[in-house]
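Below: the structure, in C-alpha cells.
The values are calculated or read from the model by the stated rules, or taken from the named source; none is laboratory data. Bear in mind the structure is a predicted one, so any value in this text is a computation, not a measurement. So basically every Cβ, Gly included, is an ideal-geometry build from the backbone, and we count neighbours across all protein chains shown.
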Amino acid sequence: MNVPKIPLGDWVDVLVKWVTVAFAGFFTFLTTVIEGLLNIVVDVLSAGPPIVLIIVLTLLVIYTSRWPLGIFALVSLLLIDNLGYWDSSIQTIAIVLLSGLFTIIIGIPVGIWCAQRKTVHRIVTPTLDFMQTMPAFVYLIPSILFFGIGVVPGIIASIIFAIAPTIRMTNLGIKEVPKDLIEAADAFGSSSSQKLFKVQLPIATPTIMAGVNQSIMLALSMVVTASLVGAPGLGADVYRAVSQIDVGKGFEAGLSIVFIAVILDRISQNLRKPAYEKVIKKKVVFSILAVLVILTAIVTGVTKETAVKKGGNRIGTQTGYKIIGIEPGAGIMAQSNKAIKDYQLDQWQLQEGSSAAMAAELKKAYNQKKPIIVTGWSPHWMFSTYDLKFLEDPKKSFGAVEDIHTIVRKGLEQDAPGAYTILDQFSWEPADIEKVMVDIKDGTDPEKAAKKWTDANKDKVGQWTNGAKAGNGETINLVYVAWDTEIASTNVIAKVLEQNGFHVKLSQVEVGPMFAGVANKSADGMVSAWLPSTHAEYYKQYKNDFIDLGSNLHGTKNGLVVPKYMDINSIEDLK
Ligand code: PBE
C-alpha cells in the first residue's frame, strides 16, 4: 500500500511557529518574570557567606527531621562547599524551589477542580499521562523558541514534567475525604468554599503534601536535562563532565545533587509535622524564616540597585552581558573563556547549551533585530542565511585559521584497508561542505543531502575512492558531534563508504567521548578534529592511541559572531 506519510511533524512545526509569533509578547513577559524571581531567590540564598545558609538549612533539617539527619545535612553541605560546588548548588536549589512553587500554585487548584468536576478529571488525566510519558527533552525544543536559551525554558520544562503528582494527589486526597464528614458539613449548611477550606483541604493535606514532595523530586531530576538549554547549576556541571569525560568531576557534581535531594526531600516530607513541633511551634519557626527571607531580599535588592547604577558597557547592558555558547566541551568554549580572560571581560558570562539552541537563539534575535553575541565558526550556513560578522580578535584568543583532520583507530588499516584508504584520501573545500550544510538547514535529511552532493561531485569522490579496495559489508563505526559542520561531513563520507561496499554506523556523541572512542577502538574513525588549536587538549590526551590521517579541509575559523546591524567590531569593544 502506498499511503503518503502524514505530515504530523510539519503541522507541529507550523503550530509552534505561529505560537512563537502570536504570543511573543506574553513569552517575553513570562521570561522576565521568571528570570526576575529566580534572581531574587539566588540573591537571597547567596546573600551571606556559605556558612550562614549551611547553618540555616541544618537548623531547618534538625527541626523537621531530628538531629541525626541535621548532622548529615551539615556534613554534606560543608562537603559541597569544600569541593567547590556551592554556587552551582545555590543555582540548582533556586531552580528547584521556583519550579516547586509553580507546581503548587498551578497544581493544587487544578487538582481541586478535578475532584469537583468529572469532565475536568476526564480531560486532565490523559493530559497528565501524556505530559509525563513524552520524553522531557521534547519540551525543551519549543521552550527554546518561546523563551530563548537560559534558565527559563529549563524551568518551564521542569514544571510540565513535575506537576503531575501534585495534581493527582490533590485530586485523590480530596476524593478520599470520608463521605460522612461531607454529609455532616452539608447538614450544618456549610457553603462549598467552607466545605473545601474547613473540611476537605485539611483532611487531604497529608496526601497533597506527598504529591508536592514528589513534584519537587521530579523537578530535581530535571536539572541535567535543563542544562542542555543553558540552565546553570549542578546539572550543567554534570553535563560538562560528560562532554569532557571527566569522571571525577561528574562524580562530585552528581554526589552534590544526591545530597541536595536528600535534604529537600526530608524537609518537604516533614514540613507538615516537624519532629520538634512540641519544642517550638511551627508558626514561630516559619514566621522567623519568612521575616529573614523578606529582609534579605530587601537588603540585597537595594545593594544591587546601587551597583547597577554604576554603569557599564553599552553592548553588555543590551545583551545582559551574555555570550551565547554551545556544548560545554566544545573547543570554541575553552577559547571563549580564554578570550574573556585575555580581554578582561569579567562582567561577561559565557552561556553553555548546545549548537542547536545557539542557532535557535540567533534566529530569534535576528528576526527581531535584537543585539546578540554567539560563539560561531565557519564554514557554517549561518553566514549565508544571515548578515553576520566575526568580531576582530587582536589578541588571537581563538587561534588562527585551522584544518579539520580525519582520525582513525589503530588497526583499521589491517581490518578494512579500503575504508582506510577512502578516509585517508577524503578532502574537500569549505564551499563544498557549505552546500551540504545549507541543504540540511533547509530541511533536507542529512543522508539525502549527502547523497545529493556525492551524486553531483563524482570527480571529487572518485579521487577519494581511487585505488581503494571495495568492502565486503564490513561495519565501519564513525563518531561525530551534532555540530552542523560535522553532521554534514560525516554523512558525506559515510555515503561514500557505503557506495564502496561498507556498512556504516554513525554514532552521535559528545566531544570527549568522540576522541576517547577512537582512541579506545570502540569507534573506527571520525572526520571532526579541529586542529591545531580548537581540539588541542583532547588531541594531546589521546594522540598516542589513534592514527591522525591529516587534514580533510583547510580554512576553518572560530570566534565571536554578531549580526552586521550591531555597531561593534572587535572583542575589545566589549570591555
Ligand atoms: N566547533 C565546530 C567545534 C569544532 C567544530 C567549532 C563548534 C568546537 O568548538 O569544538
Report summary line: Going through (1) within 16 Å of the ligand (Cβ to nearest atom); (2) part of a strand (DSSP E or B); (3) touching a Gly at 6+ places or on another chain (Cβ under 8 Å) one by one, Ile476 fails only at (1)
Query raised in the report: Which helices (runs of 4 or more DSSP H) does the range 484-575 wholly contain that include 1 or more residues that are in contact with a Pro (Cβ under 6 Å, 6 or more places away or on another chain) and modelled with pLDDT of 95 or more?
Result: 484-499
Query raised in the report: In the range 375-426, which residues are farther than 26 Å from Gly329 by Cβ and either within 13 Å of the ligand (Cβ to nearest atom) or among the aliphatic types (A, V, I, L, M) (or both)?
Result: Ala416, Ala419, Ile422
Report task. Could you tell me which of the residues Val14, Val42 is among the β-branched types (Val, Ile, Thr) and within 21 Å of Ser227 (Cβ to Cβ)? Result -> Val42
Report summary line: Scanning the range 1-47 for residues that are surrounded by 14 or more Cβ atoms within 10 Å (Cβ to Cβ) and farther than 27 Å from Val138 by Cα gives Ile40, Val41, Val42, Asp43, Val44, Leu45, Ser46, Ala47
Report summary line: Among Ile144, Ile105, the single one that is in contact (Cβ under 8 Å) with a residue 12 or more places away in the chain and of a type outside the set (Gly, Ala, Ser) is Ile144
Report summary line: Restricted to the range 549-575 and to residues being among the aliphatic types (A, V, I, L, M) and within 16 Å of the ligand (Cβ to nearest atom), the residue farthest from Ile372 (Cα to Cα) is Leu553
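Looking only at the range 161-195, count how many residues are crowded, with 19+ Cβ neighbours inside 10 Å and not aromatic (Phe, Trp, Tyr).
We begin by selecting, within the range 161-195, every residue crowded, with 19+ Cβ neighbours inside 10 Å; these are 161-171, 173-174, 177, 185.
Narrowing further to those that are not aromatic (Phe, Trp, Tyr): 162-171, 173-174, 177, 185.
Counting residues in the range 161-195 that are crowded, with 19+ Cβ neighbours inside 10 Å and not aromatic (Phe, Trp, Tyr) gives 14.
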**Report entry** Selection count, the range 480-524, where residues are in contact with a Leu (Cβ under 8 Å, 6 or more places away or on another chain), within 16 Å of the ligand (Cβ to nearest atom) and among the β-branched types (Val, Ile, Thr)
**Finding:** 2
Query raised in the report: Got a number for residues in the range 532-546 being surrounded by 19 or more Cβ atoms within 10 Å (Cβ to Cβ) and more than 16 Å from the ligand (Cβ to nearest atom)?
Result: 1
Query raised in the report: Residues that are of a type in the set (Ser, Thr, Tyr) and more than 28 Å from Leu38 (Cβ to Cβ): which helices (runs of 4 or more DSSP H) entirely in the range 160-246 hold 1 or more of them?
Result: 201-221
Query raised in the report: Listed residues Val61, Val41; which is β-branched (Val, Ile, Thr), under 19 Å from Lys282 (Cβ atoms) and in a helix (DSSP H, G or I)?
Result: Val61
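Rundown of residues vs (1) surrounded by 14 or more Cβ atoms within 10 Å (Cβ to Cβ); (2) free of Cβ contacts under 8 Å to residues at least 40 places away in the same chain; (3) away from the ligand (no atom under 14 Å from the Cβ), yes/no style:
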{"site": "Val284", "(1), (2), (3)": "no, yes, yes"}
{"site": "Ile288", "(1), (2), (3)": "no, yes, yes"}
{"site": "Leu292", "(1), (2), (3)": "no, no, yes"}
{"site": "Val299", "(1), (2), (3)": "no, no, yes"}
{"site": "Asn313", "(1), (2), (3)": "yes, no, yes"}
{"site": "Gly331", "(1), (2), (3)": "yes, no, no"}
{"site": "Asp346", "(1), (2), (3)": "no, yes, yes"}
{"site": "Gln351", "(1), (2), (3)": "yes, no, yes"}
Requested in this report: Kindly indicate whether Lys304 is away from the ligand (no atom under 16 Å from the Cβ), of a type in the set (Lys, Arg) and over 27 Å from Gly107 (Cβ atoms).
Outcome: yes
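Residue-wise test of (1) over 13 Å from Ala162 (Cα atoms); (2) more than 39 Å from the chain's Cα centre (by Cα).
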{"site": "Leu172", "(1), (2)": "yes, no"}
{"site": "Lys175", "(1), (2)": "yes, no"}
{"site": "Asp180", "(1), (2)": "yes, yes"}
{"site": "Gly189", "(1), (2)": "yes, yes"}
{"site": "Gln200", "(1), (2)": "yes, yes"}
{"site": "Pro206", "(1), (2)": "yes, no"}
{"site": "Ser215", "(1), (2)": "no, no"}
{"site": "Leu220", "(1), (2)": "no, no"}
{"site": "Val223", "(1), (2)": "no, no"}
